[in-house]
Structures are given as C-alpha cells and as structure tokens.
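Student: I am attaching a structure below and will ask some questions about it afterwards.
Only the coordinates and a few stated rules stand behind these numbers; no lab work does. Quantities reported herein were computed from a predicted structural model and do not represent experimental measurements. Every residue, glycine as well, gets a Cβ built from its backbone with ideal geometry; the counts of neighbours run over all protein chains shown.
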Amino acid sequence: MSKDNQILEDLNSKEYEHGWSVDFETDEAPLGLNEDIIRWISTKKEEPTWLLAWRLKAFKIWQAMPEPEWANVHYAKMDLQALRYYSAPKQSKKPKNINEVDPELIAIYERLGISLNEQKRLQGIAIDVVLDSVSVATTFKETLGKLGILFCSFSEAVKEHPELIQKYLGSVVPMTDNYYAALNSAVFSDGSFCYIPKGVRCPMELSTYFRINAANTGQFERTLIVADDSSYVSYLEGCTAPQRDENQLHAAVVEIYAGAHAEVKYSTVQNWFPGDKDGKGGIFNFVTKRGICAGDHSKISWTQVETGSAVTWKYPSCILKGDYSIGEFYSVAVTNNYQQADTGTKMIHIGKNTKSRIVSKGISAGKSQNSYRGQVQVMKRAHNARNFSQCDSLLMGDQCGAHTFPYLDIANPSAKVEHEATTSKIGEDQIFYCNQRGIATEDAVALIVNGYAKEVLNQLPMEFAVEAQKLLALTLEGSVG
Amino acid sequence: MLSIKNLHASIEGTPILRGINLEIKAGEVHAIMGPNGSGKSTLASVLAGREEYEVTEGEVVFQGKELLELSPEDRAREGVFLAFQYPIEIPGVSTTNFLRTALNQVREYRGLEPLDAVKFLSLMKEKMALVEIDQKLLSRSLNEGFSGGEKKRNEIFQMAMLEPVLSILDETDSGLDIDALRIVSNGVNKLKSEKTATIVVTHYQRLLEYIVPDFVHVLYKGRIVKSGTKELALELEEKGYDWIKEEVDSTATV
Ligand SMILES: Nc1ncnc2c1ncn2[C@@H]1O[C@H](COP(=O)(O)OP(=O)(O)OP(=O)(O)O)[C@@H](O)[C@H]1O
Ligand SMILES: [Mg+2]
C-alpha cells in the first residue's frame with residue numbers, strides 16, 4: 001500500500017473504527033411500545049405463557065415508574081415510543097453449528113475483528129454472539145456439554161431449561177428494581193445464559209460479543225449466569241455498535257448468582273459509539289448489573305473498561321449475603337469529547353466477615369464529564385465487614401470534569417471501611433520525558449494512561465487486556481497537544 | 001556535529017540564555033560548569049526541545065539539520081539524548097516497557113524493523129551489564145520510588161539502550177555513590193566513539209577524572225564566559241567562581 005493510502009486509512013480509522021452498518025433483511029417489530037408489542041415479541045420467540053405473564057407484569061410496573069434523573073448526566077429525554085423493540089436478522093432456519101451461520105453475519109464479526117473460527121481455533125474461547133437481539137451462533141457447546149456446563153442464548157435456555165430460568169430470572173435484579181430494569185424485563189429480546197454445575201471449573205473463558213446494528217433499535221439483552229456451589233467461571237462481554245446519528249438505547253440486565261465457594265469473574269470491554277466530536281449521536285447505555293454471593297465463601301468480581309457510549313449509567317453491584325463472601329469491582333472509565341459517564345458500584349454487606357474491594361480509575365478528556373458513584377452498605381448482622389475503595393481521577397485538559405460520590409451506610413459498628421481518592425493531571429513533564437526518548441505525544445499519552453489503569457487492566461484476561469489498551473489509546477487520540 | 005550560534009531563550013518572558021555559542025565535533029567531550037541558576041539545565045532543555053522555553057534568537061545545527069525546527073521526539077530519534085537532572089516518574093509503566101516503546105519508535109524513524117521480544121531482551125541484558133543495573137529495578141514503575149542514585153543510573157541505562165549520537169548528561173554525578181560514579185562513568189566511556197559526542201554538565205571535577213573532557217566551558221548568566229581544557233576544571237575546583245564572576249561583571253555590557 002502506498003504511504004498516502006496508509007495515512008488516509010489511519011485517519012479514517014481514527015473516527016469510530018466500527019462505524020458501519022450492513023444491510024440485511026430484518027424481522028422487526030413495529031415501532032413503539034405497548035402490550036401488543038410485548039405479545040408480538042413473545043409470540044415471535046415462541047415463549048411459554050409464564051414468561052409472557054412475567055413480561056406483562058414488568059410492563060405494568062414500568063409504566064408506573066418515573067424516569068430517573070439523579071445520575072450526574074444530562075441528555076435530551078429519549079422518545080421510547082419511537083424505538084423498535086425487536087429486530088432479528090432473518091434466517092430461514094436456526095443454525096446448528098458455526099458452519100451453518102449466515103456468511104454475512106460471520107463477515108460482520110470478522111470486520112469487528114472477531115473471527116469465530118479463529119477464536120475457536122486459537123483462543124479456546126466459547127462465544128455466544130448476539131446481533132440485535134438474537135443469538136446467532138454458539139460455539140464449543142460440545143466441550144462444555146461434557147462438563148455439564150450450559151452456555152446458550154437466553155431464548156434457547158427458556159425452551160431447554162425452563163426450570164433454571166424460572167428459578168433464577170429476576171432473582172438478583174427484580175423487575176421492580178429500577179426504571180430500565182423494568183423496561184428490560186418487559187421487552188428483553190435475547191442474551192446469554194450460562195450455568196456451571198456444582199464443583200465444575202469452567203476450562204475456558206466464556207465470551208459474548210454484543211453489537212447494535214439496525215437503526216432505532218433499543219437493545220435489551222438479558223444475561224443470567226448461575227455458578228453452582230464450588231464452581232468457577234470467567235465471563236467476558238465485549239460491545240461495539242455502528243455509527244449512527246440518532247441516539248440508540250441500550251438497557252441490558254445482567255444477573256449473576258454464585259453459590260457457596262463459587263467464584264465468578266465478569267469482564268466487560270465496552271466501546272460503543274460515543275457520539276462524534278460535537279457530541280452528536282452515540283449510544284445511551286443504561287445497564288443494571290448485579291451479582292449475589294448467595295453462599296458462604298463465594299466471590300464475584302466485576303472488571304470493566306468503559307470507553308464508549310454518549311451517556312453511560314452503570315453500577316455493577318454485589319450482594320454479599322454468604323458469610324466470608326467477597327465482592328470486587330475494578331473499573332476504568334474513559335470519557336472524551338462530550339461523553340458523560342456515571343458509573344460505580346454498590347457493595348451490600350449482609351453476611352459476616354464479608355469483604356469488598358473497589359478500584360475505580362476515571363480518565364476524562366475533552367469536554368467530558370466522568371463521575372464515580374459508589375455505595376458501601378453494611379447491614380446490621382454483617383459483623384467484621386471490610387471495604388477498601390480506591391477512586392482515582394485523571395484529567396486531561398481543563399474543560400473536562402471528574403466527580404466522586406462515595407456513599408456509606410454502616411449499620412454495624414465492627415465494620416472497617418477505607419476510602420482513598422486522588423485526582424491528577426497528565427504532566428507536561430511526563431510527556432516531555434517520553435518525547436525525549438523518541439516517543440510521540442499520542443503514544444506517550446497511551447503509555448501513561450495504560451500505566452495509570454494498570455491495576456484494573458491486570459484483572460482482565462490476556463487477550464482482552466491487549467484490546468483494552470488499544471481502545472484506551474484510540475479513545476484518547478487527539479486529546480493532548 | 002553540533003553548532004550553536006548566538007542562542008537566546010527565555011521562559012515566561014525572562015531571558016535565561018543570552019547568546020550561547022558552542023561548536024562540538026564528533027568524538028569530543030565537552031564539560032559545562034557554572035554556578036547554580038546560570039542556565040545549564042535550560043540549555044539542555046532547549047536543545048532537547050522543551051516547549052516552555054521560547055527561543056528568541058539564534059540557531060542550532062545538528063548533523064546538518066536545523067535542530068530547533070524539529071519536534072522533541074524527532075530530535076531524540078535523530079540521536080539527541082538528555083539524561084535529566086531530575087528524572088520523571090511514570091507510575092504503572094516499567095522501564096522495560098517504556099524503553100521498548102521508545103526504541104521501536106526510534107527504529108521506525110530510522111527505517112528499521114521493530115525489535116522482537118527476544119532480540120530486545122538480549123540487547124537489554126548486554127546494556128544492563130554495561131551499567132551494572134539490576135533487572136528488578138527495570139520491571140518496577142519507571143523512576144517511581146527509585147533512590148536518587150538509581151534514577152541516575154537508570155538514565156544512563158536508557159542512554160545505553162538508545163545509542164544516541166549526542167548525549168547531554170545533566171548532573172548525572174549528583175546522587176551517585178563513589179562506586180556507582182565509577183561504574184556509570186565507565187559505562188558512558190564505553191558508549192563513546194569517534195562518531196558520538198557528549199556534553200557533561202557537572203559541578204564537580206571528580207566526574208571529569210573519569211569522563212575526561214576535551215573542553216571545559218563556564219556558563220554564567222546565560223553566556224559561556226570562559227572556555228578551556230580540563231585544567232580549567234581543576235582551577236575552578238580550587239578557586240571557585242568568584243574570580244570569573246568578577247571578571248565578567250566588571251566588563252559587563254548589560
Ligand atoms: N519558570 C521559570 N520562571 C522564571 N525563571 C525560571 C523558570 N524556570 C527556570 N528559571 C530560572 O532560570 C535560571 C536557570 O535555571 P537552570 O535550571 O538552567 O540553572 P542551572 O544552571 O541548571 O542550575 P543548577 O546548577 O542549580 O542545576 C534559574 O535562575 C531559574 O530560577
Ligand atoms: Mg541544572
């Protein structure tokens with residue numbers, strides 16, 4: 001390739017790298033939201049009546065709820081009636097294995113840099129891909145099946161394992177929880193389900209890639225992870241969405257259940273379209289993620305790298321119910337241009353000797369606003385609860401903002417809660433030092449930022465960490481110098 | 001190799017360098033001495049391209065190129081290296097990782113392939129031996145929590161890795177213990193060749209016993225007011241700067 005072409009390509013890729021959309025026939029619901037639409041979705045998905053009833057109940061609850069306003073973000077209210085609540089890629093029949101998947105879908109994932117075949121062969125990752133709502137391919141099912149591990153789309157689980165779904169659906173995030181959780185409960189289209197039986201250690205990272213494709217489609221996934229006693233699983237979620245002018249809504253619900261001595265690691269790298277340099281377009285990301293350490297000595301660990309979305313509102317939380325259970329939250333949230341992020345966590349200590357650890361690294365650039373909101377709640381019977389929170393903010397330039405809102409709610413005097421917070425700026429002298437060694441300013445920023453976020457990035461599985469580092473650099477391009 | 005003509009520079013409107021002239025040829029070592037605040041570090045920073053300093057007059061030619069027109073990173077890639085008087089900390093970034101990024105960017109500029117991990121590691125090993133630096137130090141965050149001496153030694157290690165054409169050592173000797181001074185100086189000497197040149201900024205004659213200068217210059221109030229051979233450093237050690245200050249201040253035109 002000639003040098004000029006290379007430069008042009010590089011320039012283009014500095015705009016949102018995944019900003020394109022493929023045209024293929026979709027099977028979509030009419031615009032708007034009412035009981036009929038919910039029935040339409042449920043029929044389309046050939047759901048049992050109990051699930052339809054559950055959805056309708058959630059819809060009633062949602063209708064009675066006001067839209068929340070307390071997060072430290074500002075945006076024009078979305079017209080929820082102008083959205084389409086179901087959009088599935090048209091396929092004549094469901095694929096049985098990867099070779100039967102629509103080649104065009106495979107091509108999309110290849111453009112995204114996720115080749116199923118490659119992933120399958122090289123990384124030993126089982127992927128359940130969700131494209132605009134319907135799970136289109138599930139790999140590695142066989143290997144997992146031998147261990148009794150279930151990993152499939154949510155709709156499939158509804159059909160094949162209704163007893164598990166009925167038992168756990170809404171048990172961690174009830175439909176009454178909040179506005180967006182209620183909405184999700186009413187209209188969720190698909191998502192992933194995973195069950196690890198007693199005493200089984202899942203031998204590979206389970207991974208889901210979400211991507212929003214059709215215009216004006218709200219994406220409402222539902223993820224349910226159940227780790228039975230003494231089991232272990234590491235779950236990865238990655239997201240991208242094509243560039244669009246209208247703001248698209250994403251309101252997912254993730255529920256994690258960990259039994260006694262079970263451990264669940266949940267990692268997210270989110271790089272949805274953040275809107276352009278003038279703040280136009282971008283994804284609205286309102287997600288409810290919660291895990292319950294239901295048994296003694298169980299552990300749930302959330303790791304997130306948030307680089308995308310125009311507006312993010314997200315607080316992965318842990319309910320530490322079992323004695324000696326542990327909750328962890330590691331987060332890097334980057335905002336640039338006009339992005340707004342309000343993220344954090346809630347650690348709810350119920351059991352005795354429960355421990356939680358929060359490491360939050362915010363990075364703000366451009367005219368963006370980055371808020372950390374963390375709540376540590378220690379209930380009356382939670383003797384010897386421990387929490388450590390570290391909240392750091394890194395500012396680039398002087399037009400952005402970083403805000404920290406720690407909330408403490410301690411009902412047991414034996415609790416030990418520590419909170420540390422720092423705010424720093426990338427120093428000119430640091431950048432000059434890098435320049436003096438031959439490192440260009442953009443790369444210097446990437447290096448310094450990755451160093452700053454290292455404690456969190458270290459929590460990610462290797463190949464995810466590499467991707468996350470690149471994303472951080474990409475998000476911050478052009479923000480200094 | 002380096003030709004500085006009538007260089008004036010100021011910071012926030014205050015003139016610091018007020019007409020520096022200096023010619024350095026390949027293979028030479030020049031020592032720059034002078035009282036505190038005379039502008040030695042400023043000269044080093046201006047050569048390295050620090051943007052806070054405004055060059056108000058003069059020109060600098062480095063290997064046929066207008067140095068002042070180049071960005072700081074391109075100066076480094078052309079072969080200018082500054083061992084900082086006060087090295088900067090970068091939390092979370094190991095020296096190893098930092099140097100790999102730096103070296104590969106320098107190589108790319110020079111049209112060379114990036115070094116793969118194996119080749120990089122063996123280069124590291126070779127240079128580590130040269131300045132006798134501990135591997136453990138290199139995997140820690142760059143300069144974070146390093147002792148004063150460790151920082152200085154790390155600077156020279158970086159110099160060894162990047163193999164510059166012109167090295168500017170700003171008070172590299174301060175903070176080094178007696179053994180470290182010898183080791184680091186030996187390292188610098190081994191890196192010297194007839195193709196490279198070194199500028200050593202120091203307050204002490206002791207360093208110049210190890211790194212023997214061809215020329216010694218005294219900087220005072222932003223000008224080179226006296227130049228000589230290594231004997232000048234001995235004289236300064238003995239008599240201090242007062243006699244030079246008097247000489248200059250009595251004939252001062254400003
Ligand atoms: N931002 C600034 N504003 C005003 N004066 C400055 C600024 N930065 C540096 N100076 C002054 O410039 C002068 C030269 O400083 P420089 O660091 O170059 O001295 P030096 O010769 O390296 O001294 P030392 O031997 O103590 O290292 C000093 O008087 C210093 O106070
Ligand atoms: Mg100095």
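Student: Rg and Dmax of the stretch B:45-112 over Cα atoms: what are they, in angstrom?
Tutor: Every Cα atom of the stretch B:45-112 included, Rg and Dmax give 13.7, 40 Å.
Student: Pull out a ≥ b ≥ c, the square roots of the eigenvalues of the alpha-carbon gyration tensor of the stretch B:99-210, then state rounded if a/c is under 1.5, prolate if not and a/b is larger than b/c, and oblate in the remaining case. Could you put the intermediate results ahead of the total?
Tutor: Details: a/c = 2.02, a/b = 1.36, b/c = 1.48.
Taking the square roots of the gyration eigenvalues as a ≥ b ≥ c, the stretch B:99-210 is oblate.
Student: Next up: How would B:217, A:250 line up from fewest to most surrounding beta-carbon atoms within 10 angstrom? Walk me through the numbers on the way to the answer.
Tutor: Numbers: B:217 21, A:250 24.
Neighbour counts put them in this order, fewest first: B:217, A:250.
Student: Please compute the average number of Cβ atoms from other chains found within 10 Å of each residue's Cβ in peptide B:104-117. Mind showing how you got there, number by number?
Tutor: Values: counts 3, 7, 3, 1, 1, 2, 1, 0, 0, 0, 0, 0, 0, 0.
Averaged over the peptide's residues, the number is 1.
Student: Okay, next question. Could you tell me the center-to-center distance, by alpha carbons, between the stretch B:20-51 and the stretch B:169-186 in angstrom?
Tutor: With the stretch B:20-51 and the stretch B:169-186 each reduced to a Cα centre, they are spaced 19 Å.
Student: Also, I was wondering about something else. If amide hydrogens are placed 1.01 Å from N in the peptide plane, which non-local residues have theirs closer than 5 Å to the one on residue A:289?
Tutor: Here the answer is A:254, A:315, A:317, since their amide H atoms fall under 5 Å of that of residue A:289.
Student: Another one. Kindly write out, for the stretch A:312-321 in residue order, the coupling ³J(HN,Hα) from the Karplus curve 6.51 cos²θ - 1.76 cosθ + 1.60 (θ = phi - 60°), rounded to whole Hz, with x marking Gly and Pro.
Tutor: These are the phi-based 3J(HN,Hα) values: 10, 9, 7, 9, x, 10, 10, 9, 9, 8 Hz.
Student: State the answer as a single residue: which of B:98, B:70, B:53 lies farthest towards the positive end of the charge dipole of the stretch B:44-106, with beta carbon charges of +1 for Lys and Arg and -1 for Asp and Glu, about the Cα centre.
Tutor: B:98
Student: Charges only on Cβ, +1 for Lys and Arg, -1 for Asp and Glu: so what's the dipole of the stretch B:1-79 about the Cα centre, in debye to the nearest 20? Please list the in-between numbers first.
Tutor: Values: 8 positive and 13 negative charges, 66 e Å.
Here the stretch B:1-79 has a charge dipole of around 320 debye.
Student: Under the definition of Cα pairs under 8 Å and six or more residues apart, what whole-number percent is the relative contact order of the stretch B:1-121? Don't jump to the answer; show the numbers that get you there.
Tutor: Values: 137 pairs, mean separation 28.6, N = 121.
Rounded, it is 24 percent for the stretch B:1-121.
Student: Give me the compactness ratio for the stretch B:66-145, meaning the Cα radius of gyration over 2.2 N^0.38 Å. Provide the component values of the computation, followed by the final result.
Tutor: Numbers: Rg = 13.8 Å, N = 80, 2.2 N^0.38 = 11.6 Å.
That works out to 1.19 for the stretch B:66-145.
Student: Continuing with the same structure: Per-residue HN-Hα couplings for the stretch A:178-194, Karplus 6.51 cos²θ - 1.76 cosθ + 1.60 at θ = phi - 60°, whole Hz, x for Gly and Pro?
Tutor: These are the phi-based 3J(HN,Hα) values: 7, 3, 6, 5, 5, 4, 4, 4, 6, 10, 3, 9, 7, x, 10, 10, 8 Hz.
Student: Report the charge-dipole magnitude of the stretch A:335-415 in Debye, nearest 20, computed about the Cα centre from +1 at each Lys and Arg Cβ and -1 at each Asp and Glu Cβ.
Tutor: Values: 10 positive and 4 negative charges, 105 e Å.
Computed charge dipole of the stretch A:335-415: roughly 500 debye.
Student: Let me ask something else. What is the fewest-to-most order of A:475, B:251 by other Cβ atoms lying within 10 Å of their Cβ? Mind dumping the intermediate values first?
Tutor: Details: A:475 24, B:251 8.
By the 10 Å Cβ count, ascending: B:251, A:475.
Student: Now for a separate question. Compute the helix-to-body angle for B:178-191: its Cα long axis versus the longest principal axis of chain B, expressed 0 to 90° and rounded to tens.
Tutor: Between helix and principal axis, roughly 80 degrees.
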